[in-house]
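Inspection log for the structure reproduced underneath, given as structure tokens.
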Amino acid sequence: MDESVLKGNTAILKCHIPSFVSDYVFVISWLQDDGHEILADGGPYDSKYLVLPSGELHIRDVGPEDGYKSYQCRTKHRLTGETRLSATKGRLVITEPVGTRAPKLLSNAKTLWFECRVTEDVALLCQSQGFPTPKFR
């Protein structure tokens with residue numbers, strides 16, 4: 001699906017997996033239309049592209065060039081090992097900021113609680129958009 005984002009901000013693309021298979025299917029990568037593959041278990045955390053543990057594609061510092069690409073998710077079935085490429089492609093709809101815009105959180109959640117083991121990875125998102133681009137800490 002298409003995702004709207006302000007230039008210079010962060011975009012998150014979601015892979016829509018039908019609920020009847022969501023317990024058995026997970027995202028292993030994202031494929032750009034130019035053939036570049038972004039692996040779920042590869043790539044440094046400071047790169048432009050990152051596949052989150054949830055399977056979402058995190059694209060940092062979105063620029064005009066990102067609007068020309070399309071993205072498909074590749075999934076794998078836990079039991080059968082079958083892999084599939086999504087039938088549809090998602091694109092980024094990038095808008096140029098006009099004037100200043102206060103940061104706006106893109107989530108309804110105010111407080112989230114996480115429990116995990118010390119050895120587990122955790123991804124904490126603070127998805128917001130604004131201009132100038134919001135800073136996080």
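The values are calculated or read from the model by the stated rules, or taken from the named source; none is laboratory data. Keep in mind the model is a prediction, meaning the values are calculated, not measured. All Cβ positions, glycine included, derive from the backbone under ideal geometry; neighbour counts span all protein chains shown.
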Can you tell me which residue within region 113-137, out of those that are closer than 22 Å to L6 by Cβ and modelled with pLDDT of 70 or more, is surrounded by the most Cβ atoms within 10 Å (Cβ to Cβ)?
Q129
What number of residues within region 20-73 are of a type in the set (F, W, Y) and within 18 Å of K89 (Cβ to Cβ)?
4
From G67, G81, which residue is on the phi > 0 side of the Ramachandran plot and either among the β-branched types (V, I, T) or modelled with pLDDT of 90 or more (or both)?
G81
Could you give me the residue pairs with C-beta distances under 6 Å whose first residue belongs to region 93-107 and is exposed (fewer than 14 other Cβ atoms within 10 Å of the Cβ) and part of a loop (DSSP other than H, G, I, E, B), whose second residue is modelled with pLDDT of 80 or more and of a type outside the set (V, I, T) wherever it lies, and which are 6+ apart or on separate chains?
E96/K7
Quick check, is S29 surrounded by 14 or more Cβ atoms within 10 Å (Cβ to Cβ), within 29 Å of F131 (Cβ to Cβ), polar (S, T, N, Q) and under 14 Å from the mean Cα position of the chain (by Cα)?
no
